[in-house]
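Working notes, structure below.
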Amino acid sequence: MRTLPTLILLGAIALGGAGAQPAAPRPLTMVVDADQGRDTISRHLYGHFAEHLGRGIYDGIWIRRGSEWRIRDDVVQALRAIRVPNLRWPGGCFADYYQWKDGIGPRAERPTIVNNNWGGVTEDNGVGTHEFMELVGRLDTEPFIVGNVGSGTVREMWQWWEYVNHPGPGPMADLRRRNGRAEPWNVRFWGVGNESWGCGGGMRPEYYADVYKRFASFLPAYGDVRPFRIAAGPPGDNYHWTEVMMREAAPMIDGLDLHHYLLTGSWAKKGSATNFTEAEWAELMQKAAFFDELLTRHSTIMDRYDPAKRVWLIVGEWGTWHEGEPGSNPGFLYQQNSLRDAVAAALSLDIFNRHADRVRMANIAQTVNVLQAMILTRGEQMILTPTYHVFEFYTVHHDAVLLPTRFDAGRYERGGWSAPAVSATASRDRAGRIHLTMTNVDPTQPRTVAATIRGQRVSAVAGGRILTAEQMGAHNTFEQPNAVRPAPFAGATLAGETLTVRLPPKSIVVLELR
Ligand code: AHR
């Protein structure tokens, strides 16, 4: 139960009164055309990624119980609450090393594998196809399996496809049955290699396009189960990769998997997850805002080859990448997650939503204990990160209709970096409810937004919640697991068709309008 002082504190935060703030900048305006939605925000934009990396799989989602690896119930329960729509596995760079046949059958007989990309640790293959599919079932999500192109054969890949999908009789379906699973799992999302320009084989797009077509040719449909073939996409702003892949292979591609990470400093010297300056806050926001240009330019190329927008642009790996936590194995990519990460996630997700016509899937990296994780674990303990709460807020947009917004978003600038001051998504769900998520990117100034809701009468703000904190680097720890958590929000008022929202600095708000 919350104590009185806690409630007073939450109330103060909710009203935007936490700490003395300088005078507010000019109010911003926004128009929401509530009757003009065209594109659906695919729930798959809220997908996740779980690689065999550090403590993501082993000692993360799975915990050792005696000689067995068991799925953690608390992790499952937390992930179910954010309605994970799809889960990408087993990598990442690991995918192009992975030998799937070593991960099936009696666990004691499975060969080990060295994770040469990540920390050089030796895994016991205790989590393989059956264990992953058990997780998929418990999360009620869709699997997105990435096959091995870099060091695997076409035959190995089609055999894996046949193993998970063929109804039988047949050699792979029979093997699956002998391993305890009678029915096929009907996996449709299938990655043909990972980062084939980099750790997945260092290929040129001209070469990979041919390799891709060869591998993708051997993924047959079984009844209603058709492969949704996902090609390795470009690294960030490599527009040439997209051009070549679309020119050479578009008819055989269902999704093109772009990867883009957000970091401060450089790859050689990345900034800290929790100990940063305001200029570094602004730097990360500018990096997140760059998604708009990135998605626009890749989409423009794709439009030339695929004007009907059949091929999904997928952001199959994204998120913040900071220096690992002090004392952790640098190859394990274990980082803390602050309010700054949450704001960067909200800004990124709003951009994905706005590109809903072409961008239909995204997978934040990575679910537990790796990079911008939803959950951190230590032994039996588990904490939710600020980014987790953003994903929970944004469940209102899953498969909802994107409502066009015209927006004077203002500008936030610091230390030579800049980003929109306010970011937002408006959507209408199947029940006709309008939801607005709004983020004040500015960590020092409150912002007031006057939003005009046109085309549908709204009579009440039916609910509001906010995620914010006093400090830019506020984060949850095992000692203080609720330092950053949602609170009720009372800073939105409706007068006629005008909704006025007073956003405290560095805050994310979700509102329901009826
Ligand atoms: O997510 C961590 C790594 O980043 C993945 O293994 C790789 O695909 C990417 O470069």
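Of the residues Gly463, Gly491, the single one that is modelled with pLDDT under 95, in contact with a strand residue (DSSP E or B) (Cβ under 8 Å, 6 or more places away or on another chain) and more than 30 Å from Asn369 (Cα to Cα) is Gly463.
Across segment 87-118, which residue is nearest to Ile230 (Cα to Cα) among those that are in contact (Cβ under 8 Å) with a residue 60 or more places away in the chain, surrounded by 18 or more Cβ atoms within 10 Å (Cβ to Cβ) and more than 16 Å from the ligand (Cβ to nearest atom)? Looking at residues that are in contact (Cβ under 8 Å) with a residue 60 or more places away in the chain, surrounded by 18 or more Cβ atoms within 10 Å (Cβ to Cβ) and more than 16 Å from the ligand (Cβ to nearest atom), I get Trp100. So for segment 358-377 (the condition being of a type in the set (A, V, I, L, M, F, W, C), farther than 30 Å from Ser266 by Cβ, away from the ligand (no atom under 16 Å from the Cβ) and not in a loop (DSSP other than H, G, I, E, B)), does at least one residue qualify? Within segment 358-377 (the criterion being of a type in the set (A, V, I, L, M, F, W, C), farther than 30 Å from Ser266 by Cβ, away from the ligand (no atom under 16 Å from the Cβ) and not in a loop (DSSP other than H, G, I, E, B)), the answer is no, since none of the residues qualifies. Among the residues of segment 304-317, at least one is part of a helix (DSSP H, G or I) and more than 16 Å from the ligand (Cβ to nearest atom).
Applying the criterion of at least 3 residues that are among the small types (Gly, Ala, Ser) and surrounded by 24 or more Cβ atoms within 10 Å (Cβ to Cβ) to the strands (runs of 3 or more DSSP E) found wholly in segment 418-475 leaves 422-428. Take Trp321 and decide whether it is more than 26 Å from Leu402 (Cβ to Cβ), aromatic (Phe, Trp, Tyr), free of Cβ contacts under 8 Å to residues at least 12 places away in the same chain and within 16 Å of the ligand (Cβ to nearest atom). For Trp321, the condition - more than 26 Å from Leu402 (Cβ to Cβ), aromatic (Phe, Trp, Tyr), free of Cβ contacts under 8 Å to residues at least 12 places away in the same chain and within 16 Å of the ligand (Cβ to nearest atom) - is not met. The C-beta contact set for segment 186-202 (first residue of a type in the set (Lys, Arg), second residue more than 10 Å from the ligand (Cβ to nearest atom), distance under 6 angstrom, 6+ apart or interchain) comprises Arg188/Phe228.
Is it the case that Gly126 is surrounded by fewer than 20 Cβ atoms within 10 Å (Cβ to Cβ), within 21 Å of Asp59 (Cα to Cα), modelled with pLDDT of 95 or more and away from the ligand (no atom under 16 Å from the Cβ)? Yes: the conditions hold for Gly126. Thr141 passes every criterion in (1) out of contact with any Leu (no Cβ under 8 Å at 6 or more places or on another chain); (2) modelled with pLDDT of 95 or more; (3) polar (S, T, N, Q) apart from (1). When you check Thr274 against the structure, is it away from the ligand (no atom under 16 Å from the Cβ), touching a Lys or Arg at 6+ places or on another chain (Cβ under 9 Å) and closer than 19 Å to Glu317 by Cβ, yes or no? Against the criterion (away from the ligand (no atom under 16 Å from the Cβ), touching a Lys or Arg at 6+ places or on another chain (Cβ under 9 Å) and closer than 19 Å to Glu317 by Cβ), Thr274 does not qualify. Note on segment 476-493: residues that are crowded, with 18+ Cβ neighbours inside 10 Å and either acidic (Asp, Glu) or without any contact (Cβ under 8 Å) to a residue 40 or more places away in the chain (or both) total 1. Would you confirm whether any residue within segment 392-400 is in contact with a Leu (Cβ under 7 Å, 6 or more places away or on another chain), among the hydroxyl-bearing types (Ser, Thr, Tyr) and in a helix (DSSP H, G or I)? Among the residues of segment 392-400, at least one is in contact with a Leu (Cβ under 7 Å, 6 or more places away or on another chain), among the hydroxyl-bearing types (Ser, Thr, Tyr) and in a helix (DSSP H, G or I), which makes the answer yes. A single member of Phe391, Phe352 is among the aromatic types (Phe, Trp, Tyr) and either within 16 Å of the ligand (Cβ to nearest atom) or out of contact with any strand residue (DSSP E or B) (no Cβ under 7 Å at 6 or more places or on another chain) (or both), and it is Phe391.
The values are calculated or read from the model by the stated rules, or taken from the named source; none is laboratory data. Treat the numbers as computed from the prediction; the structure is a model and nothing was measured. Glycine also receives a Cβ, built like all others from the backbone with ideal geometry; neighbour counts cover every protein chain displayed.
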